[in-house]
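Nothing in this text is a laboratory measurement; each read-out follows from the coordinates by a stated rule. Here the structure is a predicted model, which means the values were calculated and not measured. Note that each Cβ is placed from the backbone with ideal geometry, even for glycine, and that neighbours are counted across all protein chains shown.
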Amino acid sequence: MTQVRTRFAPSPTGFIHLGNIRSALYPWAFARSTGGTFVLRIEDTDLERSSQAAVDVILEGMRWLGLDHDEGPFYQMQRMARYKEVLAQMQAEGLVYPCYMSVAELDALRDRQMASKEKPRYDGTWRPEPGKVLPPVPEGVRPVLRFRNPPDGVVAWDDKVKGRIEIRNDELDDLVIARPDGTPTYNFCVVVDDIDMAITHVIRGDDHVNNTPRQINIFRALGKEPPVYAHLPTVLNEQGEKMSKRNGAKPVTQYRDEGFLPDAMVNYLARLGWSHGDDEIFSRAQFLEWFDLDHLGRSAAQFDEAKLRWVNAQHLKAMADEALAPLVAEQLQRQGIEADERLGAICGLFKDRCDTTVALAGWARAFYADVQPSEADRAQYLTDAVRPAVADLARRLESAAWDKASIAAAIKETLAAHGLKMPALAMPVRVLVMGTPQTPSLDAVLALFTRKKVVEKLSSF
Ligand code: GLU
């Protein structure tokens, strides 16, 4: 089999969201799992709507998710000379022809066709045919170039997602592939790129299905066989609309800022349109081992943030504490807090109750900054009745060895001395030290604080 070559070809118009980046995940995974090559191409020919900021989010988002490319990024705007070269070659071979029909004439044509209930399409006025006399070339009009679409037969492909698709050529009119100023149009650039970049598999959103027959015809006119196509169903947002930034989709990088893990995102996005039996949680390595084009889903997938959080929580739990620590340190840094070597152990103690690294940083905060309990917790737990026991515990902790077992012993002695049950002492101590009564086991929590801080907090009551 020839080497697999896939590509992701985003248009940098608006910030890339999860629905878009899923179209990067599959071609990336297919290239990685087959030992192929993954190409990144930025389709920036829409000068009005493209922006460097959007390119940056694409690059940053892909880097964050670990969707590394082997070639590129290639920018279409930098390939204009190449497109024009191919256009000239097509013109020389009679594969395209100039069309001088004005916009007003095209509009009139469309109105006539609509009035007689025909599908609006270019009528071939300027298409040269043997023996046909073309209208006189109007003066001062710069023509567009139209592609000479095959007049009959069908154009067909076996889509890896949608199955066989056949379109009659007489349904496709002669596509404009260069504007009057000579700039090439979208479908043409895509074909030249896919040929030059030797793409074997085009995996993209199904909003491009209508372009595919046109692109296939251009491939064949250029003497090339088209690649394999896989058109991915749309990603819907939680309201069931097509995901788009206009209806609330977030830029991919925002999920990083909100504390999601790249591997969890890959896992979640992978399941949004592909399956491996009933497996819901898997590692990146498993995904790459399992990924194939035969198990891409056919129906639209719906984004579900609660599910994403759940997937993230599973990955968070499974992740090694020391690997988690730098990610949580980053979140703390954003709050101006410098963590230290205790952070790995802190992650280990709290990760089971968190779904994001932001939540984890929320717990870790108590170890590095001064957190204060709420008034309600103060009123409920910091009562006069418990004051002597807390003071006693502070005293014992001042001289205890600073490890979990010794701290546990000091707590036990305090309980015995004051005739208290564990919660009666543990809750106020948690509230004082961590600012909340809900924490993991008290001895483990206290052992991760410095003795100084614990004694200080207990004595402040
Ligand atoms: N630039 C197109 C888009 O962002 C993708 C084109 C393609 O994959 O062929 O929708």
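General observations
- Nearest-ten-degree value, helix 262-271 long axis tilted from longest Cα axis of the chain: 50 degrees
- When the convex hull of its Cα atoms is viewed from all sides, segment 341-425 shows a mean projected area of 7.0 nm².
- Degrees separating the helix 52-65 axis from the principal Cα axis of the chain, which is the longest one: 60 degrees
- Per residue convex hull volume, Cα atoms of segment 19-117, in Å³: 211 Å³
- Modelled spin labels at R395 and A320, positioned 7 Å past Cα toward Cβ, are 4.6 nm from each other.
- Mean projected area of the Cα convex hull of segment 186-338, taken over all directions, amounts to 12.1 nm².
- Computed extension gain for D352 through E60, at 0.36 nm per residue and net of the alpha carbon distance, reaches 102.2 nm.
- Each label point was placed 7 Å from the Cα along the Cα-to-Cβ direction; for R49 and S33 their separation is 3.1 nm.
- When the Cα positions of Q254, A115, I337 are compared along the charge dipole of the chain, I337 comes out farthest toward the positive end, with charges on each C-beta of Lys, Arg, Asp and Glu.
- A quarter of the convex hull surface defined by the alpha-carbon atoms of the chain gives 29.6 nm² as the mean projection.
- Antiparallel beta bridges, as assigned by DSSP with both residues in the chain, represent about 50 percent of the total such bridges.
- The label-point distance for Q3 and Q372, in a model that sets each label 7 Å from Cα toward Cβ, rounds to 6.4 nm.
- For segment 290-296, 3J(HN,Hα) per residue [Karplus equation, 6.51 cos²θ - 1.76 cosθ + 1.60, θ = phi - 60°, Hz, x = Gly/Pro]: 8, 4, 8, 7, 7, 10, 6
- FRET efficiency, 1/(1 + (r/R0)^6) with R0 60 Å, evaluated for L134 and S244 via beta carbons: 0.85
- For segment 67-147, fraction of C-alpha pairs farther apart than 16 Å, in %: 67 percent
- Helix 186-196 axis, angle to the chain major axis (alpha carbon atoms, nearest 10°): 80 degrees
- As a length-normalised measure over Cα pairs under 8 Å and 6 or more apart, the relative contact order of segment 364-461 settles at 40 percent.
- Total charge dipole magnitude, segment 92-172, about the Cα centre, Cβ charges on Lys, Arg, Asp, Glu only, Debye to nearest 20: 160 debye
- Principal semi-axes in Å for segment 64-213 [√(5λ), Cα gyration tensor, largest first]: 31, 21, 15
- Estimated translational D of segment 380-461 in µm²/s (Stokes, Kirkwood radius over Cα pairs; 25 °C; 0.890 mPa s): 201 µm²/s
- Mean separation of Cα contacts under 8 Å (6+ apart) over length of the chain, as relative contact order %: 13 percent
- The three principal axes of the Cα atoms in segment 172-229 give end-to-end lengths of 32, 23, 16 Å, sorted in falling order.
- Backbone phi angles across segment 369-377, fed through the Karplus curve with coefficients 6.51, -1.76 and 1.60 (θ = phi - 60°), yield HN-Hα couplings of 10, 8, 9, 10, x, 6, 4, 4, 5 Hz in residue order; Gly and Pro are listed as x.
- If you take the alpha carbon atoms of segment 258-359 and fit the smallest convex hull around them, that volume is 99 Å³ per residue.
- Magnitude of the charge dipole for segment 1-82, about its Cα centre and with charges confined to Cβ atoms of Lys, Arg (+1) and Asp, Glu (-1), is about 280 debye.
- Along principal axes, Cα extents of segment 41-93, largest first, whole Å: 46, 28, 11
- By the Kirkwood approach, averaging reciprocal distances over each pair of separate Cα atoms, segment 368-413 gets a hydrodynamic radius of 12.3 Å.
- For D279 and M422, a Förster radius of 45 Å and the Cβ-Cβ distance give a FRET efficiency of 0.65, rounded to the nearest 0.05.
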